[in-house]
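The values are calculated or read from the model by the stated rules, or taken from the named source; none is laboratory data. Worth saying up front: this structure is predicted, and the values here are computed from it rather than measured. Heads up, the Cβs are rebuilt from the backbone with ideal geometry, glycines too, and the neighbour counts pull from every protein chain shown. Heads up: the accessible areas ignore ligands, DNA and RNA and are worked out on the full protein's heavy atoms, side chains in. Shrake-Rupley method; radii C 1.70, N 1.55, O 1.52, S 1.80 Å.
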Amino acid sequence: MVEVIGSTNIAIEHLTADSRKVQRNGLFVATSGTQVDGHDFIPTAIKNGCIAIVCQEFPEETTEGVTYVKVMDSLVGLGLIAANFFDNPSKDLKLIGITGTNGKTTIATLLYQMFKELGFKTGLLSTVVNKIHTTEIPSTHTTPDPVSLNHLLREMVDAGCSHCFMEVSSHAVVQERIAGLHFAGGVFTNITHDHLDYHKTFDAYISAKKQFFDHLPAGSFAIVNKDDANGMVMVQNTKAKKYTYSLLSPSDYKIRIIENQFSGLHIQLDNRDVYTRLIGKFNAYNLAAIYAVAIQLAQDPLQVLTVISNLNAVAGRFQYVKTDSGITAIVDYAHTPDALKNVLKTIHDIRTGNEKIITLVGCGGDRDRTKRPLMAAIAAENSDRVILTSDNPRTEDPRAILEEMKAGIQPQYYMRYTIMEDRGEAIKAACMESKPGDIILIAGKGHETYQEIQGVKHPFNDLEIVTQMLKLLQK
């Protein structure tokens, strides 16, 4: 139930949930966040020129000339207000949301690439970058806040975009960042161990993902990975039309791997043979998903398969460089146990058997601690040599993170691993240790161009560093 103090006959020129960004004649939405409560900043917002407040509780003292609107949930309110403020841009394009633990960025980016190639002006909202057709905008969150999100969507519509592909994080669902958006369709990739620092339990994490599909409107579509144990759970209560993709199970969109090499995948999709530059079983799933989305968006199957054969790998997702001597270095964003296992399995599937696999891996600070020993255990079990090193320690002690990782390594693998806290030195050591034919996996940071230590982001790019180091060693 909505309660109002003051006049609603006012013109709002600016909208924000950040009191520091309030402008004159603006509306401030007071939300309760994980760190601070926006209600504490209502006086600051008014002092900075705000003429309207949306809140869950009226302040003890109100200011004359300021309108106060009390709502049950200001997070939901922010999403709905933002959508209306920007004239509901999500209704003016085909907005497709991709959710799951792994594969969101790859699927969203490949769909963006594909629809551009098919001749559409297209938008992208991803962990790596946001794009309004060909204009790039830096990305700060997997899913932006509702004001930024609707602003970006409005810019896409105004630029003539007909489609937008966006990652939908579990945080965004729980925090109502997508409230008020109209999705034409949704994709579920998989769900594995991640973000338990925030969701606390795996069931709560599953529930957050499922909420996205619960709220899809009638007339939209939901495409899920049937091979994932929770795939069909996601769409139990959805109003959307359900479709499935798979590698192992009978499904609407079945993909089959014929050959998997460093040069790419030979797959069979929709009973047609396709050669693609992408590598690995996990990318076979990604390709099945994007094919399914394209068909549901009424694209010609043969054209879609032709475009798939020309798609390039996404930044920081199984990106590799190879020296003249045959040393291969792979940079991948794998920062969950399942993602790391998938990448290492792909390497094992491709290797001939004589190469040594050297894995360099760390875990981020201020994040889910329970996955740290699991990451180290997977690396040790599936590599010939492991270097445990820093990822983004953030505000934590890097050495403490590494000690927690080390605890997961079984005694039989003690001779395989070493700890090198400095990530640059660890990459150098891996390169110096490698011999012709060996494979170096640098996992965890992928596309990131920085390393965050005690609140400071230092320039750091895994791909650039390993490329430079391998060139030096060849001389």
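Just to check your reading of the model, which residue among 139, 162 is surrounded by fewer than 20 Cβ atoms within 10 Å (Cβ to Cβ), polar (S, T, N, Q) and out of contact with any helix residue (DSSP H, G or I) (no Cβ under 9 Å at 6 or more places or on another chain)?
So the residue among 139, 162 that is surrounded by fewer than 20 Cβ atoms within 10 Å (Cβ to Cβ), polar (S, T, N, Q) and out of contact with any helix residue (DSSP H, G or I) (no Cβ under 9 Å at 6 or more places or on another chain) is 139.
Exactly one condition in (1) hydrophobic (A, V, I, L, M, F, W, C); (2) in a loop (DSSP other than H, G, I, E, B); (3) touching a Phe, Trp or Tyr at 6+ places or on another chain (Cβ under 7 Å) is not met by residue 343; state its number.
With respect to (1) hydrophobic (A, V, I, L, M, F, W, C); (2) in a loop (DSSP other than H, G, I, E, B); (3) touching a Phe, Trp or Tyr at 6+ places or on another chain (Cβ under 7 Å), residue 343 is out only on (2).
If a residue has to be within 16 Å of residue 177 (Cα to Cα) and not small (Gly, Ala, Ser) to count, how many in region 29-53 make the cut?
3
Taking the condition part of a loop (DSSP other than H, G, I, E, B) and either at pLDDT below 95 or crowded, with 20+ Cβ neighbours inside 10 Å (or both), does residue 109 pass?
No: the conditions fail for residue 109.
Of all residues in region 312-349, how many are open to solvent by 20 Å² or more (accessible area, probe 1.4 Å) and of a type in the set (Phe, Trp, Tyr)?
Counting residues in region 312-349 that are open to solvent by 20 Å² or more (accessible area, probe 1.4 Å) and of a type in the set (Phe, Trp, Tyr) gives 2.
Condition check: part of a strand (DSSP E or B) and at pLDDT below 95. Does residue 260 satisfy that?
yes
I'd like the full set of residues that are in contact with a strand residue (DSSP E or B) (Cβ under 8 Å, 6 or more places away or on another chain) and open to solvent by less than 10 Å² (accessible area, probe 1.4 Å), limited to region 350-378.
357, 358, 359, 360, 361, 362, 365, 375, 376
Are there any pairs, at least 6 apart or on different chains, whose C-beta atoms fall under 6 Å, with the first in region 165-182 and free of Cβ contacts under 8 Å to residues at least 24 places away in the same chain and under 12 Å from residue 153 (Cα atoms) and the second not in a loop (DSSP other than H, G, I, E, B) and not small (Gly, Ala, Ser), and if so, which?
Listed by first residue and then by second, the contacts come to nothing, as the list is empty.
Run down 115, 183, 213 and say which single residue is modelled with pLDDT of 95 or more and not in a helix (DSSP H, G or I).
Checking each option against the conditions leaves just 183.
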